[in-house]
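Peer 1: Have a look at this one before I ask anything.
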Amino acid sequence: GKTYTKVYVNSDGNLTFGAGDGATADRSVARFLTGAPRIAAVYSDLDPSSGGGVSYTQTDATTLTISYTGVPVWGEGGTNTFTVTLTADGHITIGVDNASVSSYIVGVSKGGAGNSGSQVDLAGASWTVPYGGFGALYQKFGSGNTLPDGAKITFSK
């Protein structure tokens, strides 16, 4: 519901708008809902400084893709590979090649104090979910409930 000209790429598998997120703890649903406006691809305690990489590609004036490649979980290892593609028409596509983390959040949130959201089933291999920029739509994964490798979720305007 809002246009931004800058995106902050955070180490913990998420993007924020309006402000970066340097928090070193608390990757909770409450923070996801009430912090800065956020796109959570694999929102967890990831550590790109220990391996893997984070990069971006702007294919044209209307499409930006941020890639997390082989990023381990802080203090645990493993590799997590996923992308977030933003388009000028408001579509957000999260592609998860693999997530080797025990608990994580996937979704979009307008953020801010008092924000609320709806947990939705995103566990299928490919989804398009309407999102108008109000509240939040998300799923918290863990305890054997994960996205399948190769999953792609598009939040459409």
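Peer 1: Looking at the range 96-106, which of the residues that are open to solvent by less than 10 Å² (accessible area, probe 1.4 Å) and out of contact with any helix residue (DSSP H, G or I) (no Cβ under 7 Å at 6 or more places or on another chain) is farthest from L64 (Cα to Cα)?
Peer 2: First, pick out the residues of the range 96-106 that are open to solvent by less than 10 Å² (accessible area, probe 1.4 Å): 96, 104-106.
Filter again for out of contact with any helix residue (DSSP H, G or I) (no Cβ under 7 Å at 6 or more places or on another chain), leaving 96, 104, 106.
Values: V96: 16, Y104: 23, V106: 19 Å.
Among residues in the range 96-106 that are open to solvent by less than 10 Å² (accessible area, probe 1.4 Å) and out of contact with any helix residue (DSSP H, G or I) (no Cβ under 7 Å at 6 or more places or on another chain), the one farthest from L64 (Cα to Cα) is Y104.
Peer 1: Which pairs turn up if I take residues in the range 79-104 that are touching a residue at least 24 places away in the same chain (Cβ under 8 Å) and within 15 Å of N10 (Cα to Cα) and look for partners that are part of a loop (DSSP other than H, G, I, E, B) and open to solvent by 30 Å² or more (accessible area, probe 1.4 Å) with beta carbon separation below 6 Å, at least 6 apart in sequence or on another chain?
Peer 2: Cβ pairs passing all conditions: N80/S100.
Peer 1: Then there's this: Suppose we keep only residues that are touching a Leu at 6+ places or on another chain (Cβ under 8 Å) and assigned to a strand (DSSP E or B) within the range 139-150. Which one would you say is most open to solvent (accessible area, probe 1.4 Å)?
Peer 2: Here is the first cut: in the range 139-150, the residues touching a Leu at 6+ places or on another chain (Cβ under 8 Å) are 139, 141, 147.
After this cut, where a residue has to be assigned to a strand (DSSP E or B) as well, the list is 139, 141.
Numbers: Q139: 17, F141: 2 Å².
The extreme case among them is Q139.
Peer 1: Go through (1) closer than 13 Å to A99 by Cβ; (2) out of contact with any Asp or Glu (no Cβ under 7 Å at 6 or more places or on another chain); (3) open to solvent by 30 Å² or more (accessible area, probe 1.4 Å) and name the single condition A30 misses.
Peer 2: (1)
Peer 1: Something else now. Out of the range 51-93, which residues are in contact with a strand residue (DSSP E or B) (Cβ under 8 Å, 6 or more places away or on another chain), over 22 Å from V108 (Cβ atoms), open to solvent by 30 Å² or more (accessible area, probe 1.4 Å) and outside any strand (DSSP E or B)?
Peer 2: G52, W74
The values are calculated or read from the model by the stated rules, or taken from the named source; none is laboratory data. Just so we're clear, the structure is a prediction, and the values are computed from it rather than from any experiment. Because the Cβ atoms are built from the backbone with ideal geometry, glycine has one as well, and the counts that use them run over all protein chains shown. For the accessible areas, the whole protein counts, side chains as well, though only heavy atoms, and no ligand, DNA or RNA atoms are used. Shrake-Rupley method; radii C 1.70, N 1.55, O 1.52, S 1.80 Å.
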